[in-house]
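Here is the structure we will look at.
The values are calculated or read from the model by the stated rules, or taken from the named source; none is laboratory data. If you're wondering where the values come from, they're calculated on a predicted model, not measured in any experiment. Here the Cβ positions follow ideal geometry from the backbone for every residue, glycine too, while neighbour counts run over all protein chains shown. Protein only, heavy atoms only, side chains kept; ligands, DNA and RNA dropped before computing areas. Shrake-Rupley method; radii C 1.70, N 1.55, O 1.52, S 1.80 Å.
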Amino acid sequence: MALNSLGREIPASYAGRTLTPYRDPFSNQPSGLAAPRPITRVNPGTSKLVGSLREAIEASGLKDGMTISTHHALRNGDYLLNAVVNEIAALGIRGIWIASSSVHPVHAEIIPHIKSGVIAGFQCGVNGLIGELASKGELQVPIIVRSHGGRARAILEGSVKIDVSFIAAPCCDPCGNLNGYFGPSACGSLGYAQSDALHAACVVAVTDNLVPYPAVPVVIPQTLVDFVVQVERLGDPAKIVSTTTRITTDPVGLQIASYAAQVIEASGLLQDGFSFQTGSGGISLAVADKMRSAMRRGNIKGSFGCGGITGYFVGMLEEGLFSSLMDVQCFDTEAVRSIGVNQAHQEISADLYANPFNRGAVVNRLDCVILGATEVDCNFNVNVNTESNGYLLHNTGGHSDTAAGAKLSIIVAPSIRGRLPIVRDQVTTITTPGETISVVVTERGIAVHDRHPELKEELIRRKLPVKEIHDLQKETCRITGTPRPLDFEDEIVALIEYRDGSIIDVVRRVKE
Amino acid sequence: MGDFKLRRSLLYVPGNMPSMLQNIPIFNCDAVIIDLEDAVPMSEKDAARHLVKHFLMNYTERNKELLVRINPLDSKWGYEDLKVVLPALPDGIRLPKADTPEIVERLDTLLTEFEEELDLEIGRFRVLPSLESALAIINAVGIANSSQRIFALAFGAEDYTASMEIERTKGGEELFNARTRVLWAAKAAGIQAIDTIFADVNDMEGLKAETELAKRLGYTGKCLVNPRQIEVVHDVFAPKKEEVDYALQVIEAIQRARALGTGVISLKGKMVDAPVVKRAARVLRTAYAHGMVDTLIDEEAIHGAQ
């Protein structure tokens, strides 16, 4: 065991891998070459089409102990990962690692295959029941949680070696040119699948919408795809994208959004060329709505909106408030529509979006990002992975990537959630280091990190309720009382990898 | 004008809902009215007043005016409400069904008794009577002058329309006479006038239109049923930039006039005298609350040195 720079105990090794404790956000340097991929040749007249998923698995040469991946652009509507794992089990293959870009509650269906040994571990974070069971000690498989940028980095440097990638392709031709824009399972951007397509030893495109050659626009080209499989359905369209994403009507949420918007205005970043990212949560959208009004008022033309894209950002693009959208994932039907028709609505890979080990990611160009939290500590460290019960329930997403990249990273969260205070002495799990967070905004006050003394001064001048984060904690605890600390076993159920591959925290088994 | 206090937004909060009481400190309304009357079911009257008492006692960093709407004094709860809540020191009482001056006088007497018992300054607890029946509208002038504790009259349109046996409409034509009479009574007594609630929390355009009407008539504030309404109401009551600029010029002009030993001066061809200065001072105080000017205007600037 060694302590990382944030005081978290990190074991020397985990699942056969030597670990590097987290030190700081920016100094860790990569070395070596990008991971190689076998060269192949496809002659004229060769067909890539195979008859079924099972045939594709057989043709790919998948064997015991190998690693597979899928992307999560179909989110909780995805059928593919379950189908692939079921086929792998039926073929008697065991010890498979899953290196998908994320695993959702819908994938709880594979739990029996974890227990039976078909699945040996997760090279990715998990949302929902799998993480909960792991936290309770009921699933004995390693889980390595990565951010979107961290996953792209791990694949690029070869620390995660994908043997077969199954790419859900909403629009695909027989040669494997594909995009996510059209078809019954249209999901928009395929940003998370791009690294897999470039680096997996074998790429299988799976589609429920096989179109005549060529499928355009080409997002992932035929040059990267080994096999094409047709299936009846890739997913449940109702769960792939939300039909609408809505601004919160909760007065507390709106108060938080109003403060966050005023922080952005006070930062001086809101000027021509402004770049901005929010999530799809109700508070985030309320902030976006206020920025939209502020940009209209000030006649400000922004540069780009980034990240997971909602109809809200599309509206701002089409109104001319942003000159482009950099889209790694579409959150709603309006975003899917737009990416198919708007040239300035640019699909980007997770590598381009957020990988710290390339020649510069989009997040480095972000002025401001709005992020959530399940807990924040008095050093501004943020937890988004575990809940207050200690269970691993959420993936990191782009949280630590955008926080590190953006000039101004704002956490928005209610001061009390489920009767528990959001600001803690210690967060259960550190997802994102406090040194990359600028401001924590709650309805009871705004805490500014010491790295931003001018911003703090300006907020005070504007009569906003600036408070020391300790005071915010005390004030909230006066209402909620001090929560009893959780009890954990020594056993580690998951690693939380920082975007550069060092270990920022571990998740331990909850003592029941 | 001496005790000018901004009361643009008076937000109702149900007294029996801990989750909503705990959020009172965070909203930027000018006042809250914690409700023990209509929002609280009969079975919870007792629990609610104790909840409110404990909330008030723990709310030490008061950042807005705090009123409690008690049950009517002729109900079996009204007196008990006062007895439990007053030791926790609200700023004032919103008195429902203030139909006659006598009802207000009775509250005034009770408040004096409690102030003596609690060893507080007499007159500490203020009163906001609700004029919400035909009888109250007729008695508006007498009510406005019935107690020194009254800082404003509040018009209650929901109960008023019920007493008139009519429907309340969004246009509000049926309220016009009553609304105006409350206003006259308030202005004649030198106190503020607070307009009724707007019940449709999703119709922000309707709220805006009604608030604009109230402002044009002379109301200085409005009661609210949802925190989302605060911003709309504050926007309506915010002075326009031109108004603020003009008010600043007026104050500057009158200071120049005083230096010359006169109380009247011409500004861009228009006469500036006491009423114009008074209006300008009001605009600037409101502008200060909205953060539109950096310093609060002092009395000397308005009235001149004694």
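Taking 8 Å as the Cα distance limit and 6 or more residues as the minimum spacing, I'd like the relative contact order of chain A as a percentage.
16
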Built amide H within the under 5 Å cut-off of B:Val68, gap 5+ = B:Ile34, B:Gly92, B:Ile93, B:Arg94
Between the residues B:Leu267, B:Ile297, B:Ala247, the Cα farthest towards the positive end of the dipole of segment B:241-303, that dipole coming from +1 and -1 charges on the beta-carbon of Lys, Arg, Asp and Glu, is from B:Leu267
Carbon/sulfur accessible area of segment B:241-303, % of total, 1.4 Å probe, equals 55
Only Lys, Arg (+1) and Asp, Glu (-1) charged, at Cβ; segment B:9-237 dipole about Cα centre in debye | 380
Amide H contacts under 5 Å for A:Asp367, placed H, 5+ residues apart | A:Ser275, A:Phe276, A:Lys407
Estimate the FRET efficiency between B:Lys83 and A:Arg461 by the formula 1/(1 + (r/R0)^6), using the beta-carbon distance for r and 45 Å for R0, to the nearest 0.05.
-> 0.50
At B:Arg124 and A:Ser5, where each label point lies 7 Å from the Cα along Cα→Cβ, what is the point-to-point distance in nanometres?
-> 5.5
Please list the non-local residues whose amide H lies under 5 Å from the amide H of A:Gly397, H modeled 1.01 Å from N, same-chain partners needing a gap of 5 or more.
-> A:His148
If each of A:Thr249 and B:Arg256 carries a label point 7 Å out from its Cα toward its Cβ, how far apart are those two points in nm?
-> 5.3
Heavy atoms of B:Met204 accessible to a 1.4 Å probe, total area in Å² rounded to 10 | 50
Per the helix-only calculation at 222 nm, which mean residue ellipticity applies to the protein assembly as shown, given -39500 (n - 2.57) for every DSSP H run of n ≥ 4 and division by its residues, nearest 500 deg cm²/dmol?
-> -9500 deg cm²/dmol
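Total accessible area buried between chains B and A, 1.4 Å probe, in Å² to the nearest 100?
Summing both chains' loss of accessible area gives about 1000 Å².
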In cubic angstrom per residue, the convex hull of segment B:1-110 built on its Cα atoms measures 116
Note on segment A:121-253: C-alpha Rg/Rh, Kirkwood Rh, two decimals, gives 1.04
With a Förster distance of 30 angstrom and the Cβ-Cβ distance between B:Met164 and B:Arg62, calculated FRET efficiency to the nearest 0.05 equals 0.20
Which residues does a label at A:Tyr14 reach in segment A:88-121, if reach means a backbone N under 15 Å from a point 7 Å past the Cα toward the Cβ?
-> A:121
Placing +1 at every Lys and Arg Cβ and -1 at every Asp and Glu Cβ, with all other atoms neutral, what dipole size does chain A have around its Cα centre, in debye to the nearest 20?
-> 500
With +1 on each Lys and Arg Cβ and -1 on each Asp and Glu Cβ, how big is the dipole of segment A:68-180 about its Cα centre, in debye rounded to the nearest 20?
-> 280
Minimum 30 Å² accessible area buried by the other protein chains, segment A:247-268 residues, probe 1.4 Å, relative to alone = A:Thr249, A:Pro251, A:Val252, A:Gln255
Rank B:Asp294, B:Asp38, B:Asp91 by mean-square fluctuation in a GNM of chain B with C-alpha springs under 10 angstrom and give only the top-ranked residue.
-> B:Asp294
Heavy-atom accessible area per residue - segment A:251-486, 1.4 Å, Å² = 35
